[in-house]
Amino acid sequence: MIENQASEKYSAEKITVLKGLEAVRKRPAMYIGDLGKRGLHHLVSEVVDNSVDEALAGHCTTINVIFEKNNSVSVEDNGRGIPVDIHKTENKPALEVVMTVLHAGGKFDKGSYKVSGGLHGVGVSVVNALSEKLTAEVYRDGYVYAQTYERGDVTSKLIKTGTTKRTGTKITFLPDHEIFNAVEWEFDIIADRLRELAYLNKGLEINLSDFRKEETREEGFKFKGGLSDFVKYLDGAKTPLHNKIITINKEDGAVPVDVAMRYGENYSDSILTFVNNINTIEGGTHLSGFRSALTRGMNSYGNKNKLLKGSKGEKITLSGEDFREGLTAILSIKVAEPQFEGQTKTKLGNGDVKGIVDAVVYEGLSDF
(Lines give C-alpha, C1' and ligand atoms only; values in the text may rest on other atoms or scores of the structure.)
Protein backbone atom coordinates (compact mmCIF):
# COMPACT_ATOMS: atom_id res chain seq x y z
CA MET A 1 0.00 0.00 0.00
CA ILE A 2 1.36 3.39 -1.00
CA GLU A 3 1.24 5.98 1.75
CA ASN A 4 0.05 9.40 0.66
CA GLN A 5 2.74 11.90 1.65
CA ALA A 6 0.63 14.96 0.67
CA SER A 7 -1.51 15.47 3.76
CA GLU A 8 -2.78 18.95 2.86
CA LYS A 9 -6.28 19.24 1.45
CA TYR A 10 -6.29 19.31 -2.36
CA SER A 11 -8.84 22.00 -3.24
CA ALA A 12 -9.47 24.77 -5.79
CA GLU A 13 -7.20 27.16 -3.92
CA LYS A 14 -4.28 24.83 -4.63
CA ILE A 15 -4.67 25.29 -8.39
CA THR A 16 -2.08 27.77 -9.62
CA VAL A 17 -2.90 29.93 -12.64
CA LEU A 18 0.13 31.47 -14.32
CA LYS A 19 -0.77 34.63 -16.20
CA GLY A 20 0.96 36.28 -19.12
CA LEU A 21 4.52 35.06 -19.47
CA GLU A 22 4.80 33.72 -15.90
CA ALA A 23 4.70 30.15 -17.22
CA VAL A 24 7.81 30.78 -19.29
CA ARG A 25 9.75 32.17 -16.34
CA LYS A 26 8.50 29.35 -14.11
CA ARG A 27 9.56 26.57 -16.51
CA PRO A 28 11.92 28.17 -19.07
CA ALA A 29 13.55 24.90 -20.13
CA MET A 30 10.20 23.76 -21.56
CA TYR A 31 10.49 26.52 -24.15
CA ILE A 32 14.19 26.76 -24.97
CA GLY A 33 15.55 23.31 -24.09
CA ASP A 34 17.90 24.16 -21.23
CA LEU A 35 19.36 27.06 -19.25
CA GLY A 36 22.95 26.51 -20.34
CA LYS A 37 24.87 27.52 -23.43
CA ARG A 38 22.43 25.90 -25.84
CA GLY A 39 19.34 27.57 -24.41
CA LEU A 40 21.02 30.96 -24.16
CA HIS A 41 22.06 31.00 -27.81
CA HIS A 42 18.64 29.69 -28.81
CA LEU A 43 17.24 33.09 -27.80
CA VAL A 44 19.14 34.74 -30.64
CA SER A 45 17.92 32.10 -33.08
CA GLU A 46 14.30 32.74 -32.12
CA VAL A 47 14.54 36.46 -32.85
CA VAL A 48 16.48 35.88 -36.07
CA ASP A 49 13.85 33.33 -37.16
CA ASN A 50 11.24 36.10 -37.14
CA SER A 51 13.38 38.15 -39.51
CA VAL A 52 14.01 35.15 -41.76
CA ASP A 53 10.26 34.55 -41.91
CA GLU A 54 9.98 38.06 -43.37
CA ALA A 55 12.55 37.03 -45.98
CA LEU A 56 10.57 33.87 -46.78
CA ALA A 57 7.51 36.06 -47.30
CA GLY A 58 9.52 38.20 -49.74
CA HIS A 59 9.80 41.33 -47.57
CA CYS A 60 13.32 41.20 -46.11
CA THR A 61 16.75 41.19 -47.77
CA THR A 62 19.12 42.06 -44.91
CA ILE A 63 19.45 41.00 -41.27
CA ASN A 64 22.01 42.47 -38.86
CA VAL A 65 22.90 40.76 -35.59
CA ILE A 66 25.03 42.67 -33.07
CA PHE A 67 26.67 41.73 -29.77
CA GLU A 68 26.54 45.07 -27.94
CA LYS A 69 29.15 46.28 -25.43
CA ASN A 70 26.82 45.70 -22.46
CA ASN A 71 26.37 42.02 -23.51
CA SER A 72 22.91 42.60 -24.96
CA VAL A 73 22.08 41.43 -28.48
CA SER A 74 20.38 43.37 -31.25
CA VAL A 75 18.65 41.78 -34.24
CA GLU A 76 17.57 44.19 -36.96
CA ASP A 77 15.90 43.55 -40.32
CA ASN A 78 14.48 45.53 -43.22
CA GLY A 79 11.17 43.68 -43.32
CA ARG A 80 7.69 45.17 -43.04
CA GLY A 81 7.97 45.95 -39.34
CA ILE A 82 5.75 44.37 -36.67
CA PRO A 83 2.29 46.03 -36.81
CA VAL A 84 1.73 48.76 -34.21
CA ASP A 85 -1.98 49.49 -34.67
CA ILE A 86 -4.45 48.52 -31.94
CA HIS A 87 -5.35 44.83 -31.81
CA LYS A 88 -9.15 44.57 -31.83
CA THR A 89 -9.64 41.80 -29.27
CA GLU A 90 -6.68 42.61 -26.98
CA ASN A 91 -7.27 46.39 -27.17
CA LYS A 92 -3.55 47.16 -27.12
CA PRO A 93 -0.87 47.74 -29.78
CA ALA A 94 -0.21 44.65 -31.91
CA LEU A 95 3.50 44.94 -31.10
CA GLU A 96 2.73 44.64 -27.39
CA VAL A 97 0.53 41.61 -28.04
CA VAL A 98 3.29 39.90 -30.03
CA MET A 99 5.85 40.63 -27.31
CA THR A 100 3.77 39.63 -24.29
CA VAL A 101 1.31 36.91 -25.35
CA LEU A 102 2.26 33.30 -26.09
CA HIS A 103 1.06 31.94 -29.43
CA ALA A 104 0.46 35.44 -30.79
CA GLY A 105 1.81 36.50 -34.16
CA GLY A 106 1.27 36.79 -37.89
CA LYS A 107 2.42 33.21 -38.43
CA PHE A 108 -1.03 31.93 -37.63
CA ASP A 109 -2.48 33.98 -40.50
CA LYS A 110 -1.51 32.33 -43.77
CA GLY A 111 -2.21 35.61 -45.56
CA SER A 112 0.80 37.10 -43.76
CA TYR A 113 3.14 34.09 -43.84
CA LYS A 114 2.81 30.98 -46.02
CA VAL A 115 5.51 29.23 -44.00
CA SER A 116 7.43 30.15 -40.86
CA GLY A 117 10.15 28.75 -38.65
CA GLY A 118 9.54 30.42 -35.30
CA LEU A 119 9.03 28.21 -32.27
CA HIS A 120 5.27 27.51 -32.58
CA GLY A 121 4.59 31.26 -32.52
CA VAL A 122 6.00 31.71 -29.01
CA GLY A 123 9.55 32.72 -29.96
CA VAL A 124 9.86 36.46 -29.44
CA SER A 125 7.53 36.52 -26.40
CA VAL A 126 9.64 33.79 -24.79
CA VAL A 127 12.78 35.84 -25.43
CA ASN A 128 11.03 38.81 -23.81
CA ALA A 129 10.02 36.75 -20.77
CA LEU A 130 13.59 35.54 -20.26
CA SER A 131 15.22 38.95 -20.72
CA GLU A 132 16.22 41.34 -17.97
CA LYS A 133 15.49 44.15 -20.42
CA LEU A 134 14.18 44.25 -23.97
CA THR A 135 13.54 47.12 -26.37
CA ALA A 136 11.46 46.72 -29.51
CA GLU A 137 11.82 49.31 -32.25
CA VAL A 138 9.65 49.30 -35.35
CA TYR A 139 10.18 51.27 -38.55
CA ARG A 140 6.83 51.49 -40.25
CA ASP A 141 4.41 53.91 -41.94
CA GLY A 142 7.00 56.70 -41.91
CA TYR A 143 7.67 56.59 -38.16
CA VAL A 144 10.00 54.98 -35.64
CA TYR A 145 8.10 53.33 -32.78
CA ALA A 146 9.58 51.99 -29.55
CA GLN A 147 8.45 50.09 -26.47
CA THR A 148 10.43 48.69 -23.53
CA TYR A 149 9.97 45.61 -21.34
CA GLU A 150 11.54 44.01 -18.26
CA ARG A 151 11.26 40.27 -17.64
CA GLY A 152 8.24 40.14 -19.94
CA ASP A 153 6.38 43.07 -18.38
CA VAL A 154 5.69 46.29 -20.27
CA THR A 155 7.63 49.24 -18.80
CA SER A 156 6.66 51.96 -21.26
CA LYS A 157 3.85 52.79 -23.62
CA LEU A 158 4.40 52.44 -27.34
CA ILE A 159 5.72 55.82 -28.48
CA LYS A 160 6.85 57.50 -31.68
CA THR A 161 10.52 58.42 -31.39
CA GLY A 162 11.09 59.89 -34.84
CA THR A 163 10.42 59.69 -38.55
CA THR A 164 11.96 57.36 -41.13
CA LYS A 165 11.71 56.29 -44.75
CA ARG A 166 12.73 52.73 -44.01
CA THR A 167 10.80 49.71 -42.75
CA GLY A 168 11.79 46.91 -40.41
CA THR A 169 12.10 45.76 -36.82
CA LYS A 170 14.92 45.91 -34.27
CA ILE A 171 14.87 43.82 -31.09
CA THR A 172 17.53 44.45 -28.43
CA PHE A 173 17.56 42.17 -25.40
CA LEU A 174 19.70 41.37 -22.37
CA PRO A 175 19.16 37.81 -21.06
CA ASP A 176 18.12 37.58 -17.42
CA HIS A 177 20.96 36.57 -15.09
CA GLU A 178 18.32 35.27 -12.66
CA ILE A 179 17.33 32.66 -15.25
CA PHE A 180 20.52 31.62 -17.04
CA ASN A 181 23.54 29.92 -15.51
CA ALA A 182 25.80 32.41 -17.30
CA VAL A 183 25.32 35.01 -20.03
CA GLU A 184 28.41 34.36 -22.11
CA TRP A 185 27.91 34.68 -25.85
CA GLU A 186 30.06 32.66 -28.24
CA PHE A 187 30.53 34.37 -31.59
CA ASP A 188 31.13 31.14 -33.50
CA ILE A 189 27.91 29.45 -32.32
CA ILE A 190 25.80 32.30 -33.70
CA ALA A 191 27.99 32.66 -36.80
CA ASP A 192 27.48 28.99 -37.67
CA ARG A 193 23.69 29.33 -37.46
CA LEU A 194 23.62 32.56 -39.48
CA ARG A 195 25.85 31.03 -42.16
CA GLU A 196 23.47 28.07 -42.33
CA LEU A 197 20.48 30.38 -42.75
CA ALA A 198 22.22 32.32 -45.51
CA TYR A 199 22.88 29.10 -47.43
CA LEU A 200 19.26 28.01 -47.01
CA ASN A 201 17.90 31.37 -48.18
CA LYS A 202 19.74 32.13 -51.39
CA GLY A 203 20.56 35.83 -51.73
CA LEU A 204 19.64 36.80 -48.14
CA GLU A 205 22.36 38.93 -46.52
CA ILE A 206 23.05 38.28 -42.83
CA ASN A 207 25.72 40.24 -40.94
CA LEU A 208 27.17 39.55 -37.49
CA SER A 209 29.11 42.16 -35.49
CA ASP A 210 30.71 41.91 -32.05
CA PHE A 211 31.40 45.19 -30.20
CA ARG A 212 32.19 43.65 -26.80
CA LYS A 213 35.95 44.05 -27.16
CA GLU A 214 38.12 46.94 -28.34
CA GLU A 215 38.65 45.28 -31.69
CA THR A 216 35.33 44.76 -33.47
CA ARG A 217 34.81 41.34 -35.00
CA GLU A 218 32.57 41.12 -38.04
CA GLU A 219 31.42 38.45 -40.46
CA GLY A 220 28.89 38.58 -43.29
CA PHE A 221 27.05 35.85 -45.16
CA LYS A 222 25.36 35.95 -48.56
CA PHE A 223 25.37 33.07 -51.04
CA LYS A 224 24.13 33.29 -54.61
CA GLY A 225 24.48 29.52 -55.06
CA GLY A 226 22.33 28.59 -52.06
CA LEU A 227 22.41 24.87 -51.30
CA SER A 228 25.07 24.19 -53.96
CA ASP A 229 27.41 26.53 -52.10
CA PHE A 230 26.41 24.77 -48.87
CA VAL A 231 27.50 21.40 -50.29
CA LYS A 232 30.85 22.86 -51.38
CA TYR A 233 31.34 24.32 -47.90
CA LEU A 234 30.58 21.00 -46.20
CA ASP A 235 32.84 19.08 -48.57
CA GLY A 236 35.78 21.34 -47.79
CA ALA A 237 38.96 19.64 -48.96
CA LYS A 238 37.24 16.36 -49.90
CA THR A 239 37.88 15.09 -53.41
CA PRO A 240 34.58 15.01 -55.36
CA LEU A 241 33.75 12.16 -57.72
CA HIS A 242 31.97 14.63 -60.01
CA ASN A 243 32.34 18.41 -60.20
CA LYS A 244 28.73 19.22 -61.07
CA ILE A 245 26.48 19.27 -58.04
CA ILE A 246 23.14 17.52 -58.52
CA THR A 247 20.33 19.97 -57.77
CA ILE A 248 16.58 19.44 -57.56
CA ASN A 249 14.14 22.28 -57.04
CA LYS A 250 10.44 21.62 -57.43
CA GLU A 251 7.14 22.23 -55.68
CA ASP A 252 4.67 19.38 -55.25
CA GLY A 253 1.43 19.72 -53.33
CA ALA A 254 2.38 23.21 -52.07
CA VAL A 255 5.58 21.74 -50.58
CA PRO A 256 8.71 23.25 -52.19
CA VAL A 257 11.54 20.70 -52.20
CA ASP A 258 15.13 21.87 -52.64
CA VAL A 259 18.02 19.39 -52.86
CA ALA A 260 21.75 19.68 -53.56
CA MET A 261 24.03 16.63 -53.48
CA ARG A 262 27.42 15.37 -54.58
CA TYR A 263 29.49 12.23 -54.11
CA GLY A 264 33.07 12.24 -52.87
CA GLU A 265 35.87 9.72 -52.52
CA ASN A 266 35.29 9.45 -48.77
CA TYR A 267 33.26 6.59 -47.29
CA SER A 268 31.10 8.46 -44.78
CA ASP A 269 27.93 10.31 -45.70
CA SER A 270 26.65 13.70 -44.58
CA ILE A 271 22.94 14.41 -45.10
CA LEU A 272 21.46 17.53 -43.53
CA THR A 273 17.70 18.10 -43.53
CA PHE A 274 15.76 21.30 -42.93
CA VAL A 275 12.10 22.23 -42.63
CA ASN A 276 11.26 25.93 -42.87
CA ASN A 277 14.96 26.67 -42.17
CA ILE A 278 14.95 24.54 -39.00
CA ASN A 279 17.68 21.91 -38.81
CA THR A 280 15.80 18.66 -38.19
CA ILE A 281 18.77 16.82 -36.71
CA GLU A 282 16.66 13.74 -35.97
CA GLY A 283 15.34 13.59 -39.52
CA GLY A 284 11.74 12.56 -40.01
CA THR A 285 9.38 11.83 -42.88
CA HIS A 286 11.21 14.12 -45.34
CA LEU A 287 14.48 12.25 -44.77
CA SER A 288 12.70 8.91 -45.20
CA GLY A 289 11.30 10.11 -48.52
CA PHE A 290 14.72 11.29 -49.68
CA ARG A 291 16.43 8.02 -48.79
CA SER A 292 13.71 5.98 -50.49
CA ALA A 293 13.94 8.03 -53.70
CA LEU A 294 17.74 7.89 -53.69
CA THR A 295 17.75 4.09 -53.42
CA ARG A 296 15.07 3.61 -56.09
CA GLY A 297 16.54 6.23 -58.40
CA MET A 298 20.11 4.97 -58.26
CA ASN A 299 19.09 1.33 -58.67
CA SER A 300 16.92 2.28 -61.65
CA TYR A 301 19.75 4.26 -63.25
CA GLY A 302 22.27 1.52 -62.59
CA ASN A 303 20.11 -1.23 -64.07
CA LYS A 304 19.01 0.87 -67.02
CA ASN A 305 22.61 1.56 -67.97
CA LYS A 306 23.71 -2.00 -67.12
CA LEU A 307 26.01 -0.80 -64.37
CA LEU A 308 24.64 -3.14 -61.70
CA LYS A 309 25.38 -6.75 -62.54
CA GLY A 310 26.05 -9.88 -60.55
CA SER A 311 28.83 -12.39 -61.22
CA LYS A 312 26.65 -14.09 -63.85
CA GLY A 313 25.53 -10.86 -65.50
CA GLU A 314 22.16 -10.79 -63.74
CA LYS A 315 20.58 -7.57 -62.48
CA ILE A 316 21.22 -6.80 -58.84
CA THR A 317 19.75 -4.32 -56.40
CA LEU A 318 21.94 -2.43 -53.96
CA SER A 319 20.89 -1.21 -50.52
CA GLY A 320 20.32 2.40 -49.58
CA GLU A 321 23.44 2.34 -47.46
CA ASP A 322 25.51 1.55 -50.56
CA PHE A 323 24.19 4.63 -52.35
CA ARG A 324 24.74 6.94 -49.38
CA GLU A 325 28.44 6.12 -49.12
CA GLY A 326 30.49 9.27 -49.76
CA LEU A 327 27.37 11.40 -50.24
CA THR A 328 27.05 15.01 -49.12
CA ALA A 329 23.45 16.19 -49.42
CA ILE A 330 21.23 19.03 -48.26
CA LEU A 331 17.45 18.60 -48.24
CA SER A 332 15.39 21.70 -47.53
CA ILE A 333 11.60 21.79 -47.68
CA LYS A 334 8.91 24.31 -46.82
CA VAL A 335 5.72 23.11 -45.13
CA ALA A 336 2.77 25.36 -44.25
CA GLU A 337 1.67 23.27 -41.26
CA PRO A 338 4.71 21.33 -40.03
CA GLN A 339 4.18 18.73 -37.33
CA PHE A 340 7.31 18.52 -35.22
CA GLU A 341 8.06 16.00 -32.54
CA GLY A 342 9.21 17.87 -29.46
CA GLN A 343 9.18 21.58 -28.57
CA THR A 344 12.64 22.16 -30.01
CA LYS A 345 11.70 20.77 -33.45
CA THR A 346 14.23 18.09 -34.24
CA LYS A 347 12.07 15.59 -36.14
CA LEU A 348 9.34 16.06 -38.76
CA GLY A 349 6.18 13.99 -38.44
CA ASN A 350 3.97 15.01 -41.42
CA GLY A 351 2.99 11.70 -43.04
CA ASP A 352 2.21 13.13 -46.49
CA VAL A 353 5.65 14.71 -46.80
CA LYS A 354 7.40 11.37 -47.26
CA GLY A 355 5.54 10.62 -50.49
CA ILE A 356 5.99 14.17 -51.79
CA VAL A 357 9.75 14.22 -51.24
CA ASP A 358 10.07 10.67 -52.59
CA ALA A 359 8.27 11.62 -55.83
CA VAL A 360 10.12 14.91 -56.36
CA VAL A 361 13.60 13.51 -55.68
CA TYR A 362 13.02 10.36 -57.76
CA GLU A 363 11.83 12.44 -60.70
CA GLY A 364 14.75 14.84 -60.29
CA LEU A 365 17.29 12.02 -60.25
CA SER A 366 15.64 10.46 -63.31
CA ASP A 367 15.92 13.75 -65.22
CA PHE A 368 19.54 14.15 -64.18
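The values are calculated or read from the model by the stated rules, or taken from the named source; none is laboratory data. Since the model is a prediction, treat every value here as computed from it, not as a measurement. With ideal geometry, Cβ positions are generated from the backbone for all residues, glycine too; neighbour counts draw on all protein chains shown.
The table below gives the values:
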{"quantity": "Spans of strands (runs of 3 or more DSSP E) in the range 160-249 with at least 3 residues closer than 16 Å to Asn71 by Cα and not aliphatic (A, V, I, L, M)", "calculated": "168-175"}
{"quantity": "Single unsatisfied condition, Val115 versus (1) touching a Lys or Arg at 6+ places or on another chain (Cβ under 6 Å); (2) at pLDDT below 95; (3) more than 30 Å from Gly225 (Cβ to Cβ)", "calculated": "(3)"}
{"quantity": "Which numbered condition Ile190 misses (of (1) within 16 Å of Thr62 (Cβ to Cβ); (2) crowded, with 20+ Cβ neighbours inside 10 Å; (3) in contact (Cβ under 8 Å) with a residue 40 or more places away in the chain)", "calculated": "(1)"}
{"quantity": "Scan of the range 346-368 for residues that are part of a loop (DSSP other than H, G, I, E, B) and in contact with a helix residue (DSSP H, G or I) (Cβ under 8 Å, 6 or more places away or on another chain), ordered by number", "calculated": "Gly349, Asn350"}
{"quantity": "In the range 139-153, the residues that are within 26 Å of Glu22 (Cβ to Cβ) and either touching a strand residue (DSSP E or B) at 6+ places or on another chain (Cβ under 7 Å) or in a loop (DSSP other than H, G, I, E, B) (or both)", "calculated": "Ala146, Gln147, Thr148, Tyr149, Glu150, Arg151, Gly152"}
{"quantity": "Checklist (1) surrounded by 17 or more Cβ atoms within 10 Å (Cβ to Cβ); (2) at pLDDT below 95; (3) of a type outside the set (S, T, N, Q) applied to His103, failing item", "calculated": "(1)"}
{"quantity": "Subset of the range 123-144 (residues that are of a type in the set (Ser, Thr, Tyr), touching a residue at least 24 places away in the same chain (Cβ under 8 Å) and surrounded by fewer than 23 Cβ atoms within 10 Å (Cβ to Cβ))", "calculated": "Thr135"}
